[in-house]
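A short write-up of the structure that comes next.
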Amino acid sequence: MSKPLDGRVVLVTGGGRGIGRAHCLELARQGAAVVVNDPGVGKDGQVGDGAGPAFDVVAEIVAAGGRAVAHTGSVSNWADTADMVATAVSEFGTLTGVVNNAGIVRDATVVNATEAEWDAVMAVHLKGTFAVSKHACEYWRSEAKGGNVIGGRIVNTVSGAGLWGNYGQGAYGAAKAAIANLTVVTAMEGQRFGVTANAISPLAVTRISADFFAGERAQDPALDPARSSAVVAWLQSAESGWLTGQILRVNGATLSRITGFTEAPGRYLASNGESLEFDEIGRAASWLWDTLPRGLAGPLPR
């Protein structure tokens, strides 16, 4: 019996644990061959318990009759990300999609964060997402120029911290917000050679988010890391080719669309009709704030 993702080959970064592991297992269950990337580090990006997680997930997939290969390179390393794409092609003959899931946290307030903490988070989340996407797109563009439009699929991972902010997560939130924008830009550029790019914002208990969910909520089945994996698998399918440049929020059994930055209701016109003057900005800002639906924000300082 055929499966929805038969013939698809998908690279999943951070695929050894949590949400990434769930994605790998679901992709394989739906018929895809999977490159499971995970260097086996701790949630802060430091050397942890070895490179075992990627191989463990591969063993699970193979035992269930699927196809998979492990890759233990770092998404923060340009050469490693190029090798991930090359590994997919050499092992399975092609690459049809990537899931940029790898991530670390170095939580600290703006005044307490160090340069090293900022750089580490950006390297894994933002640079890693960009580097994997770049090398995958280079491959797909090259194939398209040769007459082989593969229909590449990119699925990025964003977070509520990037969409709405979260105390103590300036670096993590900034990286995730940037990934949301990168998703839109990649979608625009990828259309020329048959590539779609979307992002998911999954609500789940993982190593990264465990401290956020306390007590009984951490045991809520709706926060199982696997809840978003069916969405990812569908986004990697041929059927999803009409959808691109979107962010999908997955919260338990619900799916919603995040529309990004929008212009709030109301526009203040300069009193002289030409240019805003300093002495009217306070009045303009107050007027704009008062046009917001009640309950969306606190009072504007006056």
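The values are calculated or read from the model by the stated rules, or taken from the named source; none is laboratory data. Note that the structure is a prediction, hence the values are computed from the model and not measured. Here the Cβ positions follow ideal geometry from the backbone for every residue, glycine too, while neighbour counts run over all protein chains shown. Please note that ligands, DNA and RNA were not included when accessible areas were found on the heavy atoms of the full protein model with its side chains. Shrake-Rupley method; radii C 1.70, N 1.55, O 1.52, S 1.80 Å.
At a glance:
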{"read-out": "Listed peptides 77-89, 276-288, 130-142, 98-110 by packing density, highest first (mean Cβ within 10 Å)", "value": "98-110, 130-142, 77-89, 276-288"}
{"read-out": "Residue-wise HN-Hα coupling along the stretch 159-165, computed from phi with Karplus coefficients 6.51, -1.76, 1.60 (Hz; x: Gly, Pro)", "value": "8, x, 5, x, 7, 10, x"}
{"read-out": "Cα long-axis angle, helix 170-190 against the chain (0 to 90 degrees, to the nearest 10)", "value": "70"}
{"read-out": "Label selected from (1) 13.3; (2) 19.8; (3) 26.5, the criterion being mean projected area of the Cα convex hull in nm² as computed here", "value": "(2)"}
{"read-out": "Protection proxy ranking, peptides 9-16, 61-68, 268-275, 148-155, average beta carbon neighbours within 10 Å, highest first", "value": "9-16, 148-155, 61-68, 268-275"}
{"read-out": "Computed accessible area, residue 255, all protein chains, 1.4 angstrom probe, square angstrom", "value": "110"}
{"read-out": "Vicinal HN-Hα couplings computed from phi for the stretch 261-272 (Karplus, 6.51 cos²θ - 1.76 cosθ + 1.60; Hz; Gly/Pro x)", "value": "5, 10, 7, 5, x, x, 9, 9, 9, 3, 4, 8"}
{"read-out": "Per residue, in Å², the accessible surface of the stretch 9-258 once ligands and nucleic acids are set aside, probe 1.4 Å", "value": "43"}
{"read-out": "Fully extended contour minus Cα-Cα distance, from residue 114 to residue 290, at 0.36 nm per residue", "value": "59.5 nm"}
{"read-out": "FRET efficiency, 1/(1 + (r/R0)^6) with R0 35 Å, evaluated for residue 181 and residue 274 via beta carbons", "value": "0.65"}
